[in-house]
1. Starting from the Cα-Cα distance between residue 68 and residue 100, subtract it from 0.36 nm times their residue separation and give me the gain in nm to one decimal.
2. Where does region 49-103 land on Rg/Rh, using Cα atoms and the Kirkwood Rh?
Amino acid sequence: MLKQLAFLAFLILSTAITGSTGSTVATPSSTGLAGTGWVLTQYSAHQSPWVPAVGTHAPTLKFGTDGTVSGNGGCNSFGGTYTEATDEVTFSPLIRTLMACADPALNTEEGVIMSVLTGGNGRVTFTLAGDQHTLSPTPGIPVFRDEN
């Protein structure tokens, strides 16, 4: 119940952080992820308070129309494939770069993102609500906004 209230409070109070890469992507629809691009606005780990995205460039998540997924966790890039069914997306094992991040906050943020995308055998529940895209598995909840 507390988790649901925190999520609802976030939706009401959240503000989007700018950070568009300037690329053109399709407008997100309530029916699917294909062709959409997202920028991290904030995240929560292990039911902790919401933390705004950190770093010079906000982490991104892009869903190709060809079943590919790519993004950047703030320090490292990643990619793979995905399949979508109703409110669940399943990611293949993701390939990513392994650059060292000097900023501990950036390391934490990227760690939450990657643990969500790779946890649960790659199966992640998601919600699309307007320009908000929320991934909701344990151990964290990253929230992205429409990149456009």
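Only the coordinates and a few stated rules stand behind these numbers; no lab work does. A quick note: this is a predicted structure, and the numbers were derived from the prediction, not measured.
1. Length gained between residue 68 and residue 100: 9.0 nm.
2. When Rh is taken as the Kirkwood radius, the ratio is 1.03.
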